[in-house]
Amino acid sequence: MARPPLAGVYARLTAATVSAVARPKHTRAKEPLPPPLPPETRTVGQLVAESIKLYGAHFRSAVPLGLGIAIPDQLPRSAAAVASPLLLTASYVGASLIVTGARPGRRGIGVAFAGGLLAYVPFALSYLVLGFALLGVAWLALVGLVVPVALTEGGGLRTSFRRAIRLARADYVHALGSLATLAILYFLVRLVLVLLLRGFGDAGARAAVFLGDLVISPLLFVGAALLYFDQAARAVSSRPNPRRRRNAEVPDADDPHAAGRPDAQVEPRPAPGGQP
């Protein structure tokens, strides 16, 4: 049996992937969906769902963000090591501008780009040299919010890093889990595309990798930028409560023998039913 042309298979997969991501909002639903939780209580799964929804709403402007991963993956390793930090940071800055709606000046964009580069270098070393991707994700969960912080809140590079670390510490487990989930989703979808086209040789595998990077990887940047709102809300709502008194504000605890009526909480009361 003759195989279908590679161009036709690639075109069908591209159309299916694009339609799945940018599906119209008027899809008929059997039951109304519950309202999304506010950022301070949003779970990892809901963050991923909101990222997909936001990506679909800005599909045309967000798809080019995937070039930050698609281009380095097609280059030799030496060339990718040089291009990857610049392109990835540019995609993250672009996603943060889309998600936050910020309109900073040149200085704000420059600080965000410089902060993104500094945050990416340890991640690249942990992944390329040590081979520990999770260690790099843990580092990005700690300092990666420097890009949306610089774009939305302004300030210098040092101030933005301090603020990013403060936001990450508000709920580090949520930040780490969100980034790890987005990364796993991206790699799984790309793996499926590669397996579907592996029968067409190296050309089909490379086309599948490029398609997966281009269409799926923007979720990484959109989700990482959306995480800024979750952590900022958690940082506000996690302020320490005022210290309580050691006596727990029990009535008459300061002077139990003071004059006055007995404590209402221990005052004798009539027995129920009129019994003595």
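Read-outs: derived from the displayed coordinates by stated rules, not from any lab. The model shown is predicted, which means the values in this text are computed figures rather than measured ones. Counting neighbours? That spans all protein chains shown, and the Cβs are built from the backbone with ideal geometry, glycine included.
How much length, in nm to one decimal, is gained on full extension between Leu191 and Ala49, taken as 0.36 nm per residue of separation minus their Cα-Cα distance?
49.1 nm
What are the ³J(HN,Hα) values, in whole Hz, obtained from phi via the Karplus relation 6.51 cos²θ - 1.76 cosθ + 1.60 with θ = phi - 60°, for each residue of the range 162-171 in sequence order, with x given for Gly and Pro?
Rounded to whole hertz, the list is 4, 5, 4, 5, 5, 5, 5, 6, 4, 7.
Separation between the Thr181 and Leu135 pseudo-spin-labels, each 7 Å from Cα along Cα→Cβ, expressed in nm?
Taking the two extended label points, one gets 2.6 nm.
Roughly how far apart, in whole Å, are the Cα centres of the range 211-226 and the range 136-152?
For the range 211-226 versus the range 136-152, the Cα centre distance is 16 Å.
In square nanometres, what is the average projected area of the Cα convex hull of the range 34-80?
4.9
Quick one: if you stick a label point 7 Å off each Cα along the C-beta vector at Arg77 and Arg107, how many nm between them?
4.3
By how many nm would the segment from Val173 to Leu37 grow when fully extended, if each residue of separation counts as 0.36 nm and the alpha-carbon distance is taken off?
Separation in residues times 0.36 nm, less the Cα-Cα distance, equals 47.2 nm.
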